[in-house]
Amino acid sequence: MSAGSEMSGPVSPGPSMPVCAVLGLVSLLCFVAGFGTGVEFVRFLSFGALLRNISEGSEGESPLLWRDAIGDSEFLRALGINLALLLVFVFQHSLMAWPLLKDGVTRVFGVLQRSIYILCTAVSLQIMMRYWQSFPRGPFLWNVPTAPWSALFPVICALLHTISWLLIFSVLLIFDYAELMGIKQVPSCLCSLQSLWPSETS
């Protein structure tokens, strides 16, 4: 036995293969949940309203004017629910980035801290999308009723949204996407632990 090995002391055993497999599977599932929710959020935010053309409302029913909408209890209820859903997402996103809570999550979940953050973000977005209140009779933010702009305007919006999302995704590629989504931390940690394991000698 060499002097270096005597000074290093006992080496703690590395994680077992089942533990490694479970950690890898959990991080992968959190990644799938986060990625799938992101794709659904793009559809919800950008293309859902354009495809359904929500702002036109029901046939034969004109939208409310802003002065009437302020006094409409149904409109105010939908607006209040939507604001509460937005606050749930903002609260979750900000609270879990708080260093004190982040350290606590790391102590409990260890290397899965980022994966848990991604999973909780996906859950809060799913809640927002599932319970979002549409209000077809709501007042217009803008309106293009005359031809040919009534047909061209949704197409222009769809193109602008598509270009914007492509720019966002291209910027994400600059960063380490695997680390951002929490799937790189598990193999990196396991590799660093493996370097501490005693190597087999013939």
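Summary of computed values
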quantity: Residue selected from the range 29-70 under the condition at pLDDT below 60, open to solvent by 90 Å² or more (accessible area, probe 1.4 Å) and part of a loop (DSSP other than H, G, I, E, B), by the criterion nearest to Cys157 (Cα to Cα); calculated: Glu59
quantity: Pairs with Cβ under 8 Å, 6+ apart, first in the range 171-184 and surrounded by 14 or more Cβ atoms within 10 Å (Cβ to Cβ) and in a loop (DSSP other than H, G, I, E, B), second modelled with pLDDT under 80 and hydrophobic (A, V, I, L, M, F, W, C); calculated: Lys184/Ala178
quantity: Residue check, Gly80 over 30 Å from Leu29 (Cβ atoms) and within 30 Å of the chain's Cα centre (by Cα); calculated: yes
quantity: Val111, sole failed condition from (1) open to solvent by less than 60 Å² (accessible area, probe 1.4 Å); (2) at pLDDT 75 or above; (3) within 27 Å of Arg43 (Cα to Cα); (4) among the hydrophobic types (A, V, I, L, M, F, W, C); calculated: (3)
quantity: Subset tally (residues that are assigned to a helix (DSSP H, G or I) and in contact (Cβ under 8 Å) with a residue 40 or more places away in the chain) for the range 124-147; calculated: 6
quantity: Condition broken by Gly104, with the remaining ones in (1) at pLDDT below 85; (2) open to solvent by less than 60 Å² (accessible area, probe 1.4 Å) satisfied; calculated: (1)
quantity: Phe153 in a loop (DSSP other than H, G, I, E, B) and open to solvent by less than 70 Å² (accessible area, probe 1.4 Å); calculated: no
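The values are calculated or read from the model by the stated rules, or taken from the named source; none is laboratory data. Everything numeric in this text was worked out from a predicted model, so none of it was measured. Cβ: placed from backbone, ideal geometry, glycine included. Neighbour counts: every protein chain shown. These area figures cover heavy atoms from the full protein model, side chains too; ligands, DNA and RNA do not enter into them. Shrake-Rupley method; radii C 1.70, N 1.55, O 1.52, S 1.80 Å.
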